[in-house]
Amino acid sequence: MSNQQTITSQSAKPQLIRVAVPCPLRRTFDYWCPASSILPPIGARVLVPFARQKLVAMVIDHPQHSDIDASKLKSIHQVIDDQPLLPSSLHKLMLWAAKYYQHPIGEVFATCLPTLLNKGEAATLQAEYQWRLTELGKKEKVSIRKNAIKQLKIMQLAEQHQGLITAWLLKSNDLTVSDLKPFMNKQWLAQEIIEPQQADTVYEPVPSPYNLNSEQIEAIKTISQSFNSYQGFVLDGVTGSGKTEVYLQLIDKVLAQGKQALLLVPEIGLTPQTVKRFEQRFNVPVAMLHSGLTDRQRLNIWLQAKQGLTSIIIGTRSALFTPLKNPGLLVIDEEHDLSYKQQDGFRYSARDLALLRAQFEQMPIVLGSATPAMESLYNAKQGKLKLLKLRKRAANAKPPHIKVLDVRQRHLNQGLSQPLIDNMRRHLEAGNQCMIFLNRRGYAPSLLCHDCGWIADCSRCDRHMTYHHRFKRLHCHHCDRQVFMPKQCPECGESELLPIGLGTERLEEVLKQQFPDKTVLRIDRDTTRRKDAMQQFVSAIKNDEVDILVGTQMLAKGHHFPKLTCVGVIDIDGCLFSADFRAAERTAQLLTQVAGRAGRAEQKGEVIIQTHHPEHPLLIDLFTQDYQSLSDKILEERQAAMLPPYYSMAILRAEANDLALPMQFLSDVAQKFTGYQQAQCYGPFPAPMPKRAGKMRAQLLVQAADRKTLQSLLTPNIPLIEELPSARKVRWSIDVDPQEVF
């Protein structure tokens, strides 16, 4: 299909068009295009009547005939685009993804397009504005009344950001453009149009400020040989080995060819610091795509990339669907990360779809990680991807010394052993920073009545509620239910309620007691809710304003803290004993990534892992060998157990007010799958957490020898499953290639 498809004007008679409507139905719909209207090309948007609504739909086909009686077909209201909205490669990717993940095609397009395009906005660049503090505004700050909270906040923001206020800054601080009107009327702020940065016609390559080692040079050379064609690479580099520098060198070569690069990162917190590094390195337009942008900003960046006005696009999972005029390179950083898998709605894997997109657009793709996913290593063993290894740390950095500390029979002060405290004190006295890792936020994971044993459970989930000391609240991290902490036990009326267990908030408290003269910073989801909070925290750490970090896995991803030399891991034992077959892989990845934060500069780092199970095989294998050796062992176990990546898997989940309803529905589904000897069904079973958000849940696992066999089972049966009488009594979904089985 060509992007410049000819448009038929003034047809002699109405023409049929087939569209994908954003609704939860796994089918397309036929409409008439009136003779008075142009025939919209495949890939264009149209406004259609649907039930009692008017919805923006995507044209999928121009069929000659319809299965619906012609007299019953409706006509479209409006043709929105006279050209295809997406490049043919992306349009093809959407169709493939809808079929493979068994998701309604209309919702797939709606998920992948900017919000304003789904609302019918024209696909044209519009002006964006920013507001600059004038000289008069700088002088008049003192005249703002103390009770004018918003005006004081706006003035403070302007001063913190070099006198400049952007739309993103307003949004992230719960402000609107209308809040600026008093400043505009008094001429304290001047409105400016943001002119899109134009790419230079002739790009001058940028010399690297670093001396590359032989492994980096070989990786760059090998990947560069695949420019202008498809080839997938797994860049397996230990933490601190300079993977980002390899990306930068490759992008430099891509830009010299007049092409664009797309880089995906796992966390929104990593995006600003990555963009800053790229902007400092390259004198070309660099765009940032993430959920913190306004709808207009996201659409403008999307269109600029499509028109080739932006050379480098950096974003999280959904940035994969950004169209590129001249695609040259696709990079997935920390490719093993779970965040690349969408866990609700359109349940796609950005990593897997990125491989297919690179193939469609004939460009190389690099999957970078210190702990590659088992699927990526398996594909490398099968010859589908090329494995490139970086085993040397960059800039002469030494690998950290790792110690597994047996804490059995040791006294623990709120989870901290004395040897760990002593080691932290030694590193702090040397002027370095320490990090304590605990993958559990809140103050305590449960609240217990000392008199009768009552535990604060969530009334909507089969889980305890987490106690948050700062707000004196109980919070369910599964359904988001929050209640104030009771003053007395609801069972016996006594007032002695004890926080049981350890969370990052409690750990922060005890560290402040142990090191009263040091600055302790906690980084978790609770402290980084503000849009720019993570960026400010990272800057503070790098500026040596923080001595001790306490945090969850947010700290384990891609951060470079030169003065961080000591890392302590608290309460990892729960991860060592899990029923999920991916638990060993995830724990090994987490520990390796956390350990990799230590000693990334010239000073040697130290990692102390507290455990009650020092003899556990995973800990022994991981720290007496390396991740590569452990991954080989995990793959052997997966093959013997007939698990992914050697076998393909899908999970059907259902929920209702009564557990009997999802169990009955999934039993009916299992009956549909009988007779397929190449596939196996397991279940239905109640979900590991049967009750969540007030609903009772069950699941059915389907497994086959390969993806093709699994699809041959699912594709003909999903439409039949939708028609089951029991399907109308539940809410159900299907997850192909699930990353979380439990």
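The values are calculated or read from the model by the stated rules, or taken from the named source; none is laboratory data. The structure displayed is predicted, hence computed values, not measured ones. Here the Cβ is made from the backbone with ideal geometry for all residues, glycine too, and neighbour counts use every protein chain on show.
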Taking first residues from the stretch 215-240 that are in a loop (DSSP other than H, G, I, E, B) and among the polar types (S, T, N, Q) and second residues anywhere that are at pLDDT 95 or above and surrounded by 22 or more Cβ atoms within 10 Å (Cβ to Cβ), the pairs with Cβ under 7 Å that are 6 or more apart or on different chains are 226/364
In the stretch 76-104, anything of a type in the set (A, V, I, L, M, F, W, C), touching a Pro at 6+ places or on another chain (Cβ under 8 Å) and farther than 15 Å from residue 21 by Cβ is listed as 79, 86, 90
Expected single match for part of a loop (DSSP other than H, G, I, E, B), within 31 Å of the chain's Cα centre (by Cα), without any contact (Cβ under 8 Å) to a residue 60 or more places away in the chain and over 25 Å from residue 412 (Cβ atoms) among 480, 462 is 480
Looking across the stretch 39-98 at residues that are within 28 Å of residue 320 (Cα to Cα) and of a type in the set (D, E, K, R), the single one that is modelled with the lowest pLDDT is 82
Among the residues of the stretch 648-683, the number that are in contact (Cβ under 8 Å) with a residue 24 or more places away in the chain and in a strand (DSSP E or B) is 11
Sole miss for residue 235 among (1) modelled with pLDDT of 95 or more; (2) in contact with a Lys or Arg (Cβ under 7 Å, 6 or more places away or on another chain); (3) more than 28 Å from residue 398 (Cβ to Cβ); (4) among the hydrophobic types (A, V, I, L, M, F, W, C) is condition (3)
The residue that is modelled with the lowest pLDDT, considering only those in the stretch 396-419 that are crowded, with 19+ Cβ neighbours inside 10 Å, not aliphatic (A, V, I, L, M) and not in a strand (DSSP E or B), is 399
Just to be sure before I move on: is residue 68 more than 27 Å from the chain's Cα centre (by Cα), farther than 30 Å from residue 706 by Cα and exposed (fewer than 15 other Cβ atoms within 10 Å of the Cβ) in the structure I sent?
yes
Sole miss for residue 64 among (1) out of contact with any Gly (no Cβ under 9 Å at 6 or more places or on another chain); (2) closer than 30 Å to residue 728 by Cα is condition (2)
Among 393, 347, 357, 351, the single one that is modelled with pLDDT under 95 and of a type in the set (D, E, K, R) is 393
Looking across the stretch 604-632 at residues that are within 20 Å of residue 237 (Cα to Cα) and in a loop (DSSP other than H, G, I, E, B), the single one that is nearest to the chain's Cα centre (by Cα) is 626
Has the stretch 274-293 got at least one residue that is assigned to a helix (DSSP H, G or I), in contact (Cβ under 8 Å) with a residue 60 or more places away in the chain and over 23 Å from residue 209 (Cα atoms)?
no
Exception for residue 329 within (1) assigned to a strand (DSSP E or B); (2) of a type in the set (A, V, I, L, M, F, W, C); (3) more than 23 Å from residue 234 (Cβ to Cβ); (4) touching a Pro at 6+ places or on another chain (Cβ under 7 Å) falls at (3)
Using the structure shown, decide if residue 425 is more than 30 Å from residue 246 (Cα to Cα), outside the structural domain of residue 597 (by TED's automatic domain parsing) and either modelled with pLDDT of 95 or more or of a type outside the set (Phe, Trp, Tyr) (or both). no
Of the residues in the stretch 130-140, those that are surrounded by 14 or more Cβ atoms within 10 Å (Cβ to Cβ) and either assigned to a strand (DSSP E or B) or not polar (S, T, N, Q) (or both) number 6
Condition set part of a loop (DSSP other than H, G, I, E, B) and of a type in the set (D, E, K, R), scope the stretch 568-603, selection modelled with the lowest pLDDT: answer is 600
Only unsatisfied item for residue 462, checking (1) within 30 Å of residue 541 (Cβ to Cβ); (2) modelled with pLDDT under 95, is (1)
